[in-house]
Amino acid sequence: MALRPDLSLAGSLAIGGLVLALYARSLPPSADLRVVDAGDEDAEAARKQALWTSVGVVSVISLLTKDPTIAVTGYTLTLAMDWSTRHAIWVNPFTGSAMGPSRDEQSIPTQADAPERYGPARLEAI
């Protein structure tokens, strides 16, 4: 038995606020996630904790209220927050683009890796 429309809307807004609060309390801001190394393990662990906490809270509340609108709203917002957080975690701070799980440790060549890009490999006195 679904809730009345006015209660369903209020419940959906409340569950949306709860999901946003869970992500805000579990993770640093997106701007901070974008400047750490791509695929940071601590950020991934915090993201997973926020994801499963949100899924659990939305599941319990939607089962208690027996209202599908609350479930759809909560799961949709959880999915959107998770995708946004994953993107912020996997952005390479040097290139500004998202990298896949198989990240290349040598994405930025150094002078030792590519000496021809940094001038002569050997300096000689004249």
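The values are calculated or read from the model by the stated rules, or taken from the named source; none is laboratory data. None of the values given here were measured: they were computed from a predicted structure. All Cβ positions, glycine included, derive from the backbone under ideal geometry; neighbour counts span all protein chains shown.
A few remarks follow.
- Taking each residue of region 17-33 that is under 18 Å from Gly74 (Cα atoms) and touching a residue at least 40 places away in the same chain (Cβ under 8 Å) and looking for partners that are of a type in the set (Asp, Glu) and surrounded by 13 or more Cβ atoms within 10 Å (Cβ to Cβ) with beta-carbon atoms closer than 9 Å, six or more apart or interchain, yields Tyr23/Asp82.
- Evaluated against (1) closer than 27 Å to Arg4 by Cα; (2) touching a Gly at 6+ places or on another chain (Cβ under 7 Å); (3) modelled with pLDDT under 95, Leu77 falls short on exactly one condition, (3).
- Residue ID - farthest from the chain's Cα centre (by Cα), chosen from residues in region 21-52 that are surrounded by 14 or more Cβ atoms within 10 Å (Cβ to Cβ), aliphatic (A, V, I, L, M) and not in a loop (DSSP other than H, G, I, E, B): Leu22
- Number of positions in region 1-27 that are under 18 Å from Ala80 (Cβ atoms) and of a type outside the set (A, V, I, L, M, F, W, C): 6
- Per-region count, region 50-96, residues among the hydrophobic types (A, V, I, L, M, F, W, C) and in contact with a strand residue (DSSP E or B) (Cβ under 6 Å, 6 or more places away or on another chain): 2
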